[in-house]
Amino acid sequence: MSSRLDQKRRLRVQREERQREREAESRRTRRLKLLGGVLLAAVALVVIAIVASTSGGGGGSKNGRIAGGGEVNARFAGIPQNGLTLGNPNAPVTFVEFADLKCPVCREYSLSALPTLVNRYVRTGKVKMVLQLQHFVGNQNSDSEHAARMALAASQQNKMWQFADLFYINQKNENDTYVNDVFLRNIASQVRGLDVDKAFAARNSDAITNQLQQASAQFNTAGFRGTPSFAVGKSGGTLTPINYNSFDVSEFSGPIDKALGSSGS
């Protein structure tokens, strides 16, 4: 009888020891998981800090320095400009872009597809491009409008396309307010041949207000809902909206080639 009791006690003690070992192992596992989570969080914070320190938003403007001046001036050198229009005034095809200078998607198009399209179609005299600026990003009298007004003032000196391209290269976060006179002057000063003071004096004129209103009316009449939006067709004829899925050049060269074919060019 005594031996059976001793055996039961030994079994109970063994069970209790195994239970304590399992609990200890469970506690170690929880501590390791917690430590792993803390380490991951620390790594994430370091990554965020690095990204924040190296990113100023969408563009290349850092501490007032403007990127892309030489590149942009070379891109448009020798191509005729007349107000909003870039290219040969007698080009058989017209390509219209509706854009907002603070729109990050418009920036993506400008930096990816536009340079190739300019070289392939505009510089060769086949297509003329028209830029109709909108001012959606922000409220009335917003950064977006300030940018558009300055670009339109540059258009009076036939320098709009350089200004717009430089703005996109140096564009910042669309939710930030940064389009002040200093920023605009820094952009404009990189446009070769632009009289910056003259542009500043003209930007709030009635003529530019009318241009903004006309651009908005054309956008609405075409039934567009966002920027950038595009239309192309035979010059002097009806333009057809371009439905695009990306900013691959082929998304635009196809409709342009079709328009060139229909124009007999």
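Hey, can you tell me all the residues within the range 164-182 that are open to solvent by 50 Å² or more (accessible area, probe 1.4 Å), of a type outside the set (Val, Ile, Thr) and modelled with pLDDT of 95 or more? Hits for the range 164-182 are LYS172, ASN180, ASP181. SER265 fulfils the conditions (1) modelled with pLDDT of 95 or more; (2) open to solvent by 60 Å² or more (accessible area, probe 1.4 Å); (3) over 19 Å from GLU108 (Cβ atoms) except for a single criterion, (1). The number of residues in the range 183-193 being within 15 Å of ASN73 (Cβ to Cβ), in contact with a helix residue (DSSP H, G or I) (Cβ under 7 Å, 6 or more places away or on another chain) and either in a helix (DSSP H, G or I) or open to solvent by 20 Å² or more (accessible area, probe 1.4 Å) (or both) comes to 5. The residues of the range 195-253 that are hydroxyl-bearing (Ser, Thr, Tyr) and within 23 Å of ASP181 (Cα to Cα), listed by number, are SER205, THR209.
So, PHE252, is that one within 26 Å of LYS126 (Cα to Cα) and open to solvent by less than 10 Å² (accessible area, probe 1.4 Å) or not? Yes: the conditions hold for PHE252. Just checking, does the range 202-224 include any residue being within 23 Å of the chain's Cα centre (by Cα), touching a residue at least 24 places away in the same chain (Cβ under 8 Å), part of a loop (DSSP other than H, G, I, E, B) and exposed (fewer than 14 other Cβ atoms within 10 Å of the Cβ)? Checking the range 202-224: not a single residue is within 23 Å of the chain's Cα centre (by Cα), touching a residue at least 24 places away in the same chain (Cβ under 8 Å), part of a loop (DSSP other than H, G, I, E, B) and exposed (fewer than 14 other Cβ atoms within 10 Å of the Cβ). Here the condition is being out of contact with any Leu (no Cβ under 7 Å at 6 or more places or on another chain) and part of a helix (DSSP H, G or I); of ASN73, ASN88, it holds for ASN73 alone. Among residues of the range 226-240 that are within 15 Å of LEU260 (Cβ to Cβ), those with a beta-carbon under 6 Å from a residue that is among the polar types (S, T, N, Q) and at pLDDT 95 or above at least six positions away or on a different chain give the pairs GLY233/THR240; SER235/THR94. Can VAL137 be described as out of contact with any strand residue (DSSP E or B) (no Cβ under 6 Å at 6 or more places or on another chain) and open to solvent by 10 Å² or more (accessible area, probe 1.4 Å)? Judged against the criteria, VAL137 is a match.
Looking only at the range 140-163, decide whether some residue is of a type in the set (D, E, K, R), open to solvent by less than 40 Å² (accessible area, probe 1.4 Å) and either at pLDDT below 95 or assigned to a loop (DSSP other than H, G, I, E, B) (or both). There is at least one residue in the range 140-163 that is of a type in the set (D, E, K, R), open to solvent by less than 40 Å² (accessible area, probe 1.4 Å) and either at pLDDT below 95 or assigned to a loop (DSSP other than H, G, I, E, B) (or both). Residues that are out of contact with any helix residue (DSSP H, G or I) (no Cβ under 7 Å at 6 or more places or on another chain), without any contact (Cβ under 8 Å) to a residue 60 or more places away in the chain and farther than 16 Å from LYS234 by Cα were ranked within the range 88-125; the one that is least open to solvent (accessible area, probe 1.4 Å) is LEU114. Against the list (1) in contact with an Asp or Glu (Cβ under 9 Å, 6 or more places away or on another chain); (2) open to solvent by 20 Å² or more (accessible area, probe 1.4 Å); (3) under 16 Å from GLY233 (Cβ atoms), the condition MET129 fails is (2).
The values are calculated or read from the model by the stated rules, or taken from the named source; none is laboratory data. A quick note: this is a predicted structure, and the numbers were derived from the prediction, not measured. Every residue, glycine among them, receives a Cβ derived from its backbone with ideal geometry; neighbour counts consider all protein chains shown. These accessible areas exclude ligands, DNA and RNA; they are computed on the full protein's heavy atoms, side chains included. Shrake-Rupley method; radii C 1.70, N 1.55, O 1.52, S 1.80 Å.
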